[in-house]
Each structure stands twice: as C-alpha cells, then as structure tokens.
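See structure below.
Each value in this text was obtained by applying a stated rule to the coordinates, not by laboratory testing. All values derive from a computational prediction rather than experimental measurement. Here the Cβ positions follow ideal geometry from the backbone for every residue, glycine too, while neighbour counts run over all protein chains shown.
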Amino acid sequence: MQGGAARAAVFGISDGLVSNVSLILGVAGANPASGVVRLAGLAGLLGGAFSMAAGEYISMRAQSELMERELDLERTEIHRRPEGERRELAHIYESRGIDPGVAHELATEMMRDPEVALDTHAREELGITPSSLGSPIQAALSSFTAFALGALAPLIPWFFATGTAAILASVTVGVIAALGVGAALARFTGRAVVFSALRQLGISAVAAAVTYSIGKAVGISGAA
C-alpha cells in the first residue's frame, strides 16, 4: 500500500509538472504582463489539481462500491449455503495443488467463523482484501497535493521575477524538477536512473517547447 501510494504521488507530481510548465511557458510565449502568466499558472494548478482529485475520488468510490457489493453478495451466500461455499473454497485450494483431504480440512476450518470465511472467500475467490479497500477521500487529497506540488515548481519564479528572467528561471526549475521526478520514477519502473530522468526531461521539454511556440505565434499574430 505504501509503495502504491508513493508511486501514485510521483506520477501525480509528474502530471502537474508537465501540465503547468507547458501552460506557463505557452502563455509566457505570447509576452503578456507577468500577472497574466501568474494567473494562468495558478488557474492551471488549481484546475488540474481539482480535476485530478475529482477523477480519483469518483474512480475510488466506484471501485469501493463495486467491491462492497461483491462482499455483500458473498456474505449472503456464506449465510445461505455454507456447505456449497465450503466445497467451493476446497476446490480453489485443490486447484492450487493442495491435497484434497487437506484442502477440505482447511476449507472447513476457514468456514467456522463467518468473518474469517468472508475474508478468505474475498481473497481467494474475488481477489479482494476487505480491510484494504482504500479511502476515496484520502486518494483524492493525495492526488490534489501531488499534482499541486508538481504544478507549483515552474510557477514559483513568477512570484519573484518578470519577463525573460522569469521565463529562464521557470525553465531552470522545470528542468531540475523533471530530472528529479524522472529519477524517482526509475525506482518504480526499474529503468536506469539516468535514462528515466532524461526521458522525463525530454517529455517536459517537448511539451513546453510546443506550447511556447504556439504562444509566441499567437502573441505575434495578436499584436499585428
């Protein structure tokens, strides 16, 4: 669970970084007032973070409700037809190579306590761990925080600098953040740290360059 949460956090930071550095440089490319860039960056941070949080909440809520429904059905079956469920559990153990006699003894022992029976059936038959369904609210807050952290990095310079200086500082912060995120992703993907860091930097750089170019073109067009 902790590994999954850490992985989700790193990917969330990556999403926030790529999304907002592209937005900030795209707007900056049109050469507006610095306040416009700050506003766009804040809007991108909050809009993206709320979007990520809402999506994660809905996804986790739907998954939890589906799993809870499956558990309720399994609980009912254990109550109504315990012998059938005992045989079903024994067959599962047998299919995994356990001696039939031992499998039936083990299934009988598991079925003595309804809660143990439910937990066992959930794990063995449904692939669900009843005590680890996850919290939709916690997942939403984690997604919001991770995205916001990534999106904040390229925005920080615009609170202290303007114009070309802010753009260069934003690019510098974005490069450092991208390399750091890529290195962190290597832990979960199994890729070499250097490869993962450069890949993350490349993705961020391409996205930022494209949006900056578009912003530059639109800005020139608008001025004309």
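What base-10 log of the normalised intensity I(q)/I(0) is obtained for the chain from the Debye formula, alpha carbons as equal point scatterers, at q = 0.11, 0.16, 0.17, 0.18 Å⁻¹?
The computed values of log10 I(q)/I(0) come out as -0.68, -1.01, -1.09, -1.16.
Project the alpha carbons of region 1-70 onto their principal axes and report the range along each, largest first, in whole Å.
Principal extents (largest minus smallest coordinate, Cα): 56, 22, 13 Å.
Under a GNM of the chain (C-alpha, springs under 10 Å), which listed residue has the highest mean-square fluctuation: Leu141, Leu42, Leu73?
Looking only at Leu141, Leu42, Leu73, the biggest GNM fluctuation is shown by Leu73.
When the helices in the chain are scored as -39500 (n - 2.57) per DSSP H run of 4 or longer and the sum is shared across all residues, what 222 nm value do you end up with, to the nearest 500 deg cm²/dmol?
Details: 8 runs with 183 residues, N = 224.
So the calculated ellipticity at 222 nm is -28500 deg cm²/dmol.
Under unit Cβ charges (Lys, Arg +1; Asp, Glu -1), what dipole magnitude, rounded to 20 debye, does region 67-132 have relative to its Cα centre? Working shown, then result.
Values: 9 positive and 17 negative charges, 19 e Å.
Magnitude of the dipole: close to 100 debye.
Only loop residues by DSSP count here, and only those with at most 14 other Cβ atoms within 10 Å; note down the trypsin sites (Lys or Arg not before Pro) in region 84-168 that meet that. If you can, show how the numbers build up before the last one.
Numbers: sites: Arg86, Arg87, Arg96, Arg112, Arg123; in loops: Arg96, Arg112.
Within region 84-168, the qualifying trypsin sites (Lys or Arg not before Pro) (loop, at most 14 other Cβ atoms within 10 Å) are Arg96, Arg112.
For a footprinting-style exposure proxy, rank Ser196, Ser135 by other Cβ within 10 Å, fewest first.
Numbers: Ser196 21, Ser135 13.
So the residues, fewest neighbours to most, are Ser135, Ser196.
Can you pull the one-decimal nm distance between simple spin-label points at Leu66 and Arg123, each 7 Å off the Cα toward Cβ?
Rounded to a tenth, the inter-label distance reads 2.3 nm.
How far, in nm, would the chain grow between Leu42 and Ala8 when pulled straight, counting 0.36 nm per residue and subtracting the alpha carbon separation? Intermediate results must be reported in sequence, preceding the final value.
On the way: separation 34, 0.36 × 34 = 12.24 nm, distance 2.24 nm.
Residue separation times 0.36 nm, minus the Cα-Cα distance, leaves 10.0 nm.
Check Met111: other-chain or 5+ apart residues with amide H under 5 Å from its amide H, H built from backbone geometry?
Here the answer is none, since no amide H 5 or more places off falls under 5 Å of that of Met111.
Could you run the Karplus curve 6.51 cos²θ - 1.76 cosθ + 1.60 with θ = phi - 60° over region 148-163 and give me ³J(HN,Hα) per residue in whole Hz, x for Gly and Pro?
Result, rounded to whole Hz: 4, 5, x, 6, 6, 3, x, 8, 3, x, 6, 8, 10, 9, 9, x.
Under a 5 Å amide H to amide H cut-off, with H placed in plane at 1.01 Å, what residues pair with Ile128 once short-range neighbours are removed?
Sorted by chain and number, the residues that satisfy this are Arg123.
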